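Each reported figure results from applying straightforward, stated rules to the coordinates on display, with no laboratory input. Since the model is a prediction, treat every value here as computed from it, not as a measurement. Here the Cβ positions follow ideal geometry from the backbone for every residue, glycine too, while neighbour counts run over all protein chains shown.
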Amino acid sequence: MAINFTKPMITKLQQEITELENKIKSTQNKKEKSKFKINQLEQDMKFSKSHTDLSSKMSRIKKLNDEIKTLNRMQADLSKELTAKKNSLKKLQVNETASVKNDPAKG
């Protein structure tokens, strides 16, 4: 009598996929907020009177751009991981379907 480890693995992969999708959404939201802040700062720069104020806003824009680059890298890594997990899930589901077809007692 074979023990079926496939279902728990599928469930775990589905949970991990959901977590990764949520992380990607969160990263995307952070990027959008940073871009919005950059746009605000660029608008505010037009009205800056002092060199110090202008310099401060430019520094903040640079930090936000760096943050966006980091978020882009993070999002790319998460997307790669998500693709790998989805592929693993498909393989497990195909294997499970094949084993059910081959062993009617499991179905």
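In region 34-41 there is no residue matching the filter, namely being touching a residue at least 60 places away in the same chain (Cβ under 8 Å), surrounded by 11 or more Cβ atoms within 10 Å (Cβ to Cβ) and out of contact with any Pro (no Cβ under 9 Å at 6 or more places or on another chain). Test Ile38 against the criterion of being in a helix (DSSP H, G or I), among the hydrophobic types (A, V, I, L, M, F, W, C) and out of contact with any Lys or Arg (no Cβ under 9 Å at 6 or more places or on another chain), and give yes or no. Answer is no for this residue.
Within region 7-33, the residues that satisfy the criterion of being β-branched (Val, Ile, Thr) and surrounded by fewer than 15 Cβ atoms within 10 Å (Cβ to Cβ) are Thr11, Thr18.
Scanning region 42-68 for residues that are exposed (fewer than 15 other Cβ atoms within 10 Å of the Cβ) and among the hydroxyl-bearing types (Ser, Thr, Tyr), we see that the one that is farthest from the chain's Cα centre (by Cα) is Ser50.
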